[in-house]
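J.: A single structure is presented below for examination.
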Amino acid sequence: MHRMLIVFFLSLTNFAFAGQTTAPDFTLPDIGGNNYQLSKNFGKGPILINFWATWCLPCRSEMKALKKIYKKYKDDGLQVLSVSVDDPRTVSKVKGTVKTYRYPFTILLDTNSEVFQLYQGTNPPLSVLINKNGEIVYTHTGYRKGDEINLQKKIVKLLK
């Protein structure tokens, strides 16, 4: 019975995000040391927040797919925030990983996973798509090849 209540609560939580809830605001440092505040970027187009870590193998595959999507739609207003949830022990690997794989999006650091938890993350990767009004319209945890097709369709809808 206890397990059923937990599953029910989790389904309600996911439902709340899918029901166009305003995205929780946050401010995080980027890899250059500048602060980025989410709410200051609403209104410009859809924002995809992708939580990842250097040690996460599915994250690397997803980031490769996101790189293609970003290059295709950035001029139409798509913003991609790549939020590393590497902790203080592994955060030093983020800059090297970004440079090696030439990730073109904004890279933010969430070393204590506060923002990740704010967005109900448990394991990376986690993708959260926000419309230009700052409402969460889609969330997805994990990555399997082909997931990016559904995500791209949702992005295209928001760009129209």
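Per-residue answers, yes or no, for (1) modelled with pLDDT of 95 or more; (2) not polar (S, T, N, Q):
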site	(1), (2)
20	no, no
32	no, yes
37	yes, no
49	yes, yes
65	yes, yes
88	no, yes
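J.: Go through (1) more than 18 Å from residue 42 (Cβ to Cβ); (2) modelled with pLDDT of 95 or more; (3) not polar (S, T, N, Q) one by one and return the number of the condition residue 96 breaks.
T.: With respect to (1) more than 18 Å from residue 42 (Cβ to Cβ); (2) modelled with pLDDT of 95 or more; (3) not polar (S, T, N, Q), residue 96 is out only on (2).
J.: Let me ask you something else. Quickly run through segment 143-160 and pick out the residues that are assigned to a helix (DSSP H, G or I) and without any contact (Cβ under 8 Å) to a residue 40 or more places away in the chain. So that I can check it myself, show each step before the final result.
T.: Taking segment 143-160 as the starting set, the residues that turn out to be assigned to a helix (DSSP H, G or I) are 147-159.
Selection gives 149, 150, 153, 154, 157.
J.: While we're here: Are any of the residues in segment 62-79 among the hydrophobic types (A, V, I, L, M, F, W, C) and without any contact (Cβ under 8 Å) to a residue 40 or more places away in the chain?
T.: As a first pass, look at segment 62-79 and keep what is among the hydrophobic types (A, V, I, L, M, F, W, C): 63, 65-66, 69, 78.
Those still in the list that are without any contact (Cβ under 8 Å) to a residue 40 or more places away in the chain too: none.
No.
Rundown of residues vs (1) modelled with pLDDT of 95 or more; (2) over 14 Å from residue 64 (Cβ atoms); (3) under 13 Å from the mean Cα position of the chain (by Cα), yes/no style:
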{"site": "121", "(1), (2), (3)": "no, yes, yes"}
{"site": "129", "(1), (2), (3)": "yes, yes, yes"}
{"site": "132", "(1), (2), (3)": "no, yes, no"}
{"site": "141", "(1), (2), (3)": "no, yes, yes"}
{"site": "150", "(1), (2), (3)": "no, yes, no"}
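J.: So, of the residues in segment 89-114 that are of a type in the set (Val, Ile, Thr) and assigned to a helix (DSSP H, G or I), which turns out to be surrounded by the fewest Cβ atoms within 10 Å (Cβ to Cβ)?
T.: Step one: filter segment 89-114 for residues of a type in the set (Val, Ile, Thr), giving 90-91, 94, 97-98, 100, 106-107, 111.
From what's left, assigned to a helix (DSSP H, G or I): 91, 94, 97-98, 100.
Working: 91: 17, 94: 21, 97: 20, 98: 18, 100: 9.
Applying the filter and picking the extreme gives 100.
J.: Filter segment 67-83 down to residues that are assigned to a helix (DSSP H, G or I) and more than 14 Å from the chain's Cα centre (by Cα) and give me whichever is surrounded by the fewest Cβ atoms within 10 Å (Cβ to Cβ).
T.: Out of the qualifying residues, it is 75.
J.: Between 86, 147, which is buried (at least 17 other Cβ atoms within 10 Å of the Cβ) and in contact with a Ser or Thr (Cβ under 6 Å, 6 or more places away or on another chain)?
T.: Values: 147 fails: in contact with a Ser or Thr (Cβ under 6 Å, 6 or more places away or on another chain).
On inspection, the qualifying residue turns out to be 86.
J.: Filter segment 115-142 down to residues that are assigned to a helix (DSSP H, G or I) and either touching a residue at least 12 places away in the same chain (Cβ under 8 Å) or more than 14 Å from residue 28 (Cβ to Cβ) (or both), then give me how many there are. Walk me through it before giving the result.
T.: First, pick out the residues of segment 115-142 that are assigned to a helix (DSSP H, G or I): 115-118.
So of that shortlist, the ones also either touching a residue at least 12 places away in the same chain (Cβ under 8 Å) or more than 14 Å from residue 28 (Cβ to Cβ) (or both) come out as 115-116, 118.
So the answer is 3.
J.: Now, a different point. Condition first: part of a helix (DSSP H, G or I) and closer than 15 Å to residue 106 by Cα. Now tell me which residues in segment 40-66 satisfy that.
T.: Step one: of segment 40-66, the residues part of a helix (DSSP H, G or I) are 40-41, 57-66.
40, 41, 63, 64, 66 - these are the residues of segment 40-66 that are part of a helix (DSSP H, G or I) and closer than 15 Å to residue 106 by Cα.
The values are calculated or read from the model by the stated rules, or taken from the named source; none is laboratory data. Note that the coordinates shown come from a computational prediction; the quantities given were computed from them, not determined experimentally. So basically every Cβ, Gly included, is an ideal-geometry build from the backbone, and we count neighbours across all protein chains shown.
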